[in-house]
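Asks: Sending over a structure as structure tokens; questions will come in a sec.
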Amino acid sequence: MERTAAPTSVKRLEEEGEIAADYLEELLDIADLDGDIDLSIDHGRAAVEIVNEGGSDRELQRLVGKDGEALDALQELTRLAVQARTGERSRLMLDIAGHRRGRRAELTAVAQEAITKVKSGAGKVSLEPMNPFERKVVHDTVAAAGLISDSEGVEPHRHVVISQA
């Protein structure tokens, strides 16, 4: 599902996506990796995904890395490339071979399980430490369920705590 921002910022987000796509295409060429780049706007952010249409995602998994660490780093580098061209900070989201999409589904299930526990009287439920992307997915799921969530702790041990409203 694609969600767009206000019309005045759609052009800016499309520009961010195009700059990111150019940057990532160069990276793929340098790394001699096959991949297509899909652009969209999702939740008011430019969204860029590297996919391998018709082939195996095995090669692209190298760009994801263990627990998405390489993907997180590549996203930050891509954001910096966009910022260098536009002069503005980017909130661009990068996905590679559907890693974030799959992780979002997993985290939504974890959040739903914790929501059920809280609604059944558990008081507060603390989840495992997560990166900012993962915490955002959980916060969004919890808010949609009408509960409260807070991030506690310091990186890399920052985690989400869910409680009644």
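The values are calculated or read from the model by the stated rules, or taken from the named source; none is laboratory data. In this text the structure is predicted, and so the values were computed from the model without any measurement. Quick reminder, even Gly has a Cβ in these numbers, built from the backbone with ideal geometry, and neighbours come from all protein chains shown. SASA here: full protein model, heavy atoms, side chains in, ligands and nucleic acids out. Shrake-Rupley method; radii C 1.70, N 1.55, O 1.52, S 1.80 Å.
Asks: Before rounding to the nearest 500, sum -39500 (n - 2.57) across all DSSP H runs of length at least 4 in the chain and divide by the residue total; then give [θ] at 222 nm in deg cm²/dmol.
Replies: Numbers: 5 runs with 79 residues, N = 165.
Calculated mean residue ellipticity at 222 nm is -16000 deg cm²/dmol.
Asks: Share of the chain's accessible area from carbon and sulfur, percent, 1.4 Å?
Replies: Numbers: 4730 of 9610 Å².
Roughly 49 percent, rounded to a whole number.
Asks: Could you order the peptides 123-131, 150-158 from most to least packed, using the average number of other C-beta atoms within 10 Å per residue?
Replies: By packing density, highest mean first, the sequence is 123-131, 150-158.
Asks: So for the pair Val51, Arg91, with labels modelled 7 Å out along Cα→Cβ, what separation do we get in nm?
Replies: If labels sit at Val51 and Arg91, their model points lie 2.5 nm apart.
Asks: Nearest 0.05, what FRET efficiency do Lys117 and Glu14 give at R0 = 41 Å with Cβ-Cβ as r?
Replies: Step by step, r from the Cβ atoms, then E = 0.50.
Asks: Over 12 Å, how big is the tail of the calculated P(r) for segment 57-108, in percent of all Cα pairs?
Replies: Percent of Cα pairs beyond 12 Å in segment 57-108: 65.
Asks: Also, quick follow-up: In the chain, what percentage of the DSSP-assigned beta bridges are antiparallel, given to the nearest 5?
Replies: On the way: 15 of 19 bridges.
Here the share of antiparallel DSSP bridges comes out near 80 percent.
Asks: Something else about it: Quick one: accessible area per residue over segment 11-165, 1.4 Å probe, rounded to a whole number of Å²?
Replies: 56 Å²
Asks: Restricted to Cα positions, what overall size does segment 125-165 have along the principal axes? Three whole-Å values, descending.
Replies: That works out to 27, 17, 11 Å along the principal axes.
Asks: Which one is right for this structure if Cα Rg over 2.2 N^0.38 Å is calculated from it: [x] 1.30; [y] 1.14; [z] 0.96?
Replies: The listed entry that was calculated here is [y].
Asks: Do any GluC sites (Glu not before Pro) in segment 38-90 lie in a loop, going by DSSP, with at most 13 other beta-carbon atoms within 10 Å of their beta carbon, and if so which?
Replies: Details: sites: Glu49, Glu53, Glu59, Glu69, Glu76, Glu88; in loops: Glu53, Glu59, Glu88.
Filter output for segment 38-90: Glu53, Glu88.
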